[in-house]
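Visitor: There's a structure below that I have some questions on.
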Amino acid sequence: MAGNPRAAKGKKGPSKGTGGLGRKALEGKGPTPKAEDRPYHKAYRAKELAERSAAKRPGSSSGQGAQRGGQRRGRASEEMVTGRNSVVEALRAGVPAKALYIAVRIEVDDRVKEVLKLASERGIPLMETHKPELDRMTDEAVHQGLALQIPPYNYADAIDLAQETMDKYKKGYIKHAPLIVALDGITDPRNLGAIIRSVSAFAGHAVVVPERRSVGLTASAWKTSAGAAVRVPVARAGNLNRALESFKGMGYFVLGLDGDGDVSLPELAVAKEPVCIVVGSEGKGLSRLVRENCDQIVSIPIDSAMESLNASMAVGISLYEVSRQRVAPKPGSTTA
């Protein structure tokens, strides 16, 4: 005992030769790391691959991208249409394209042959690319060896376009009064494409979309418009309510479409005047502020069993009625 002064004094401490390991073992190893933080887990490798892909992607610092319906959204509103069916449909519809990427040693079928033919006829640059690079460019989408790069749409300014259209009308450069359709809360690109198609069919002059919380002219919208997006300009408004106020100051009548309207569509009295028709989403309808900015709320007579119409269908019916009234002969006139 004389050779062990610590034991003689009764002080606590680790046993001889343990180095305190027994006490450390009781402390535990802490919470289990997430799967993506464990080097041996496949989620860790997937995370590393995604980070490397994002770091290499031009014009992207965070690597964020939306992958929906075979399309990737990257710089600005640029996107990639991927997959053989999607690419051939986009080219058939005349969707503007920046480049066509095709995998090296791709297995050629009828769709690939048609894609190459359409791209050649339109003078779209063809880029042969190895599969790993295509995987990276499309954020691991199912591309089947084909990817079509769509450039950002060049939106006009809503107020400038409305004023320009009004000036042309006053100078006699366009036959009928200006007719514009504005979208409030529409987020489905197919709705936008169908509305553009109706505006073109019934001699409308423009479509206006808000800058935020609204659909843009994507490849899907281009396809649904069946080429009408080439003829009908799409303009953006930084603030839709302010744009509507400006339209009214220029002489436009702003008409909101809603089931609970002030006037029924067949009784519309201002169809031959400059008009801006505003349509809301099928679920929520017009927002409160937009509704307050409308000169009239117009309803479409429908069967009571049907609660509402699809936005693009409601716009098509309204444009037809406006067009019908504009070309109708004046009372008392005769036709051959």
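Visitor: Are any residues in the stretch 289-320 modelled with pLDDT of 90 or more and loosely packed, with under 13 Cβ neighbours inside 10 Å, and if so, which ones?
Guide: Leu289, Glu292
Visitor: Could I ask something else about it? Looking at (1) in contact with a strand residue (DSSP E or B) (Cβ under 8 Å, 6 or more places away or on another chain); (2) part of a loop (DSSP other than H, G, I, E, B), find the lone condition where Gln149 falls short.
Guide: With (1) in contact with a strand residue (DSSP E or B) (Cβ under 8 Å, 6 or more places away or on another chain); (2) part of a loop (DSSP other than H, G, I, E, B) applied to Gln149, the lone miss is (2).
Visitor: Can Gly261 be described as over 23 Å from Ala97 (Cα atoms), in contact (Cβ under 8 Å) with a residue 12 or more places away in the chain and out of contact with any Pro (no Cβ under 8 Å at 6 or more places or on another chain)?
Guide: Here the answer is yes, as Gly261 does meet what is asked.
Visitor: Could you check the stretch 205-311 for helices (runs of 4 or more DSSP H) lying wholly inside it with 3 or more residues that are within 19 Å of the chain's Cα centre (by Cα)?
Guide: Working: elements: 219-224, 240-250, 288-292.
Hits in the stretch 205-311: 219-224.
Visitor: Counting only residues that are closer than 18 Å to Val254 by Cα and among the β-branched types (Val, Ile, Thr), which one in the stretch 193-204 is farthest from the chain's Cα centre (by Cα)?
Guide: Val199
Visitor: Still on this structure: For residues in the stretch 226-244 being in contact (Cβ under 8 Å) with a residue 60 or more places away in the chain and under 26 Å from Glu89 (Cα atoms), which is surrounded by the fewest Cβ atoms within 10 Å (Cβ to Cβ)?
Guide: The residue in question is Val230.
Visitor: Do the conditions hold for Ile174, that is, is it touching a Leu at 6+ places or on another chain (Cβ under 9 Å) and not in a helix (DSSP H, G or I)? Walk me through it before giving the result.
Guide: Working: touching a Leu at 6+ places or on another chain (Cβ under 9 Å): no; not in a helix (DSSP H, G or I): yes.
Considered against the rule, which asks whether it is touching a Leu at 6+ places or on another chain (Cβ under 9 Å) and not in a helix (DSSP H, G or I), Ile174 comes out as no.
The values are calculated or read from the model by the stated rules, or taken from the named source; none is laboratory data. None of the values given here were measured: they were computed from a predicted structure. Quick reminder, even Gly has a Cβ in these numbers, built from the backbone with ideal geometry, and neighbours come from all protein chains shown.
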